[in-house]
Amino acid sequence: MLGLGLIGGSLMRAAHQAGRQVFGYNRSIEGVAAARADGFDATAGLDDALRRAAQTDALIVLAVPVPALPQMLRHVSAVAPHCPLTDVTSVKGAVLDEVAEAGLLERFVGGHPMAGTAHSGWAAGEAGLFHHAAWVVSVDDHVDPAVWTEVMALALDCGAVVVPARSDEHDAAAATISHLPHLLAEALAATAGEVPLAFALAAGSFRDGTRVAATAPDLVRAMCEANAAQLLPVLDHALGLLTEARTHLTEHQSVADLVEAGHAARIRYERFARPEIVTVVIGEEGWRDELAAAGRAGGVIRSALPTRDSRG
Ligand code: NAD
């Protein structure tokens, strides 16, 4: 595990609880000390951890923010270039570019657990963070069936359900359901911050609508800025809806269109079915396209899919 913050630290605990052998690197000595005090195998020596990974053919998980990736990947490329590699980053296209740049694409399968809190660091982590969460595992054209199977197994061991998706489709969806909510939460919090009495009256709507604004600003910037190409059209769409609602409110004293469209979409979301993907065999011809189509339709993997090899 490279990075023992909220996500890497939770993953380390969850993998351990699932009976896996897990060891990790963290940049700060304090993080290493905290992980060790909880009984985990952690070091501040990046190359030591990577050498050990190379010796044991460990699955390496990148659990650092996007700006730290190029430097981390340089070390992986120098010390453990043949290990299977995955990540947990909230953007997938930008990571894919960095991994390709480092020459590590062949053994890389991107991942993104859709779980988190507004807190950071080892102390914020918990083994149960991924229970029942969706965990995106990328099915881009290059992905290797054996590495894909390993990443799927890790996500399932942590109690998550796997959503197969292409990196570009993940980024468009993540812009809508994660990065846009971050910007809207910041705008909402900043707006209320200007209004006398607002904080004194704030209750559920404000708390829920601004929850993610409590996230460390660096992390929010890292994901929104790294996904700018997908975020901009989504932001334009949301601004368009708000501008239209503003016009209708001014001219007709009504916000009916926006409220009805939003309510209908929310009800559709609540009824959204998540059928289990059971028929795909990893490694068989067309498996990546089949998985991407199933994921797009709402399908999830709840227990490990067979592989071509396991089928003989
Ligand atoms: P965190 O701040 O809790 O942990 C970040 C970790 O990265 C720490 O161990 C820190 O020491 C390390 N790090 C930062 N810069 C580094 C550098 N330059 N060199 C080496 N190590 C460095 O953050 P987190 O929430 O665990 O985020 C980690 C990743 O998980 C990010 O890529 C984020 O996009 C992704 N993610 C976060 C959430 C969430 O809700 N926070 C959810 C899903 C995925």
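The values are calculated or read from the model by the stated rules, or taken from the named source; none is laboratory data. None of these values were measured; they are calculated from a predicted model. Here the Cβ positions follow ideal geometry from the backbone for every residue, glycine too, while neighbour counts run over all protein chains shown. For the accessible areas, the whole protein counts, side chains as well, though only heavy atoms, and no ligand, DNA or RNA atoms are used. Shrake-Rupley method; radii C 1.70, N 1.55, O 1.52, S 1.80 Å.
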(request) Assess whether ARG266 counts as being modelled with pLDDT of 95 or more and open to solvent by 90 Å² or more (accessible area, probe 1.4 Å). (result) yes
(request) Examine the range 280-291 for a residue that is in contact with a Gly (Cβ under 8 Å, 6 or more places away or on another chain) and acidic (Asp, Glu), and state whether such a residue exists. (result) no
(request) Residues that are in contact with a Phe, Trp or Tyr (Cβ under 8 Å, 6 or more places away or on another chain), at pLDDT 95 or above and among the aliphatic types (A, V, I, L, M): find the helices (runs of 4 or more DSSP H) completely inside the range 17-82 holding 2 or more of those. (result) 29-37, 46-56
(request) Go through (1) away from the ligand (no atom under 14 Å from the Cβ); (2) surrounded by fewer than 22 Cβ atoms within 10 Å (Cβ to Cβ) and name the single condition PHE108 misses. (result) (2)
(request) Would you check if ALA94 is open to solvent by less than 50 Å² (accessible area, probe 1.4 Å) and near the ligand (Cβ under 7 Å from one of its atoms)? (result) no
(request) Could you tell me which residue of the range 42-89 is nearest to the ligand (Cβ to nearest atom), considering only residues that are open to solvent by 30 Å² or more (accessible area, probe 1.4 Å) and of a type in the set (Ser, Thr, Tyr)? (result) THR43
(request) Within the range 188-231, count every residue that is open to solvent by less than 90 Å² (accessible area, probe 1.4 Å) and either within 12 Å of the ligand (Cβ to nearest atom) or of a type in the set (Lys, Arg) (or both). (result) 11
(message) Here is a check on your reading of the model: is TRP122 at pLDDT 95 or above, of a type in the set (Phe, Trp, Tyr) and more than 14 Å from the chain's Cα centre (by Cα)?
(response) yes
(message) Among the residues of the range 298-311, are any part of a loop (DSSP other than H, G, I, E, B), hydrophobic (A, V, I, L, M, F, W, C) and within 28 Å of ARG166 (Cα to Cα)?
(response) yes
(message) For the range 14-33: of the residues being within 12 Å of the ligand (Cβ to nearest atom) and under 24 Å from the mean Cα position of the chain (by Cα), which is surrounded by the fewest Cβ atoms within 10 Å (Cβ to Cβ)?
(response) SER28
(message) Based on this model, can you work out whether TRP135 counts as closer than 21 Å to ALA292 by Cα and buried (at least 19 other Cβ atoms within 10 Å of the Cβ)?
(response) yes
(message) Can you confirm whether VAL91 is more than 22 Å from LEU6 (Cα to Cα) and of a type outside the set (D, E, K, R)?
(response) no
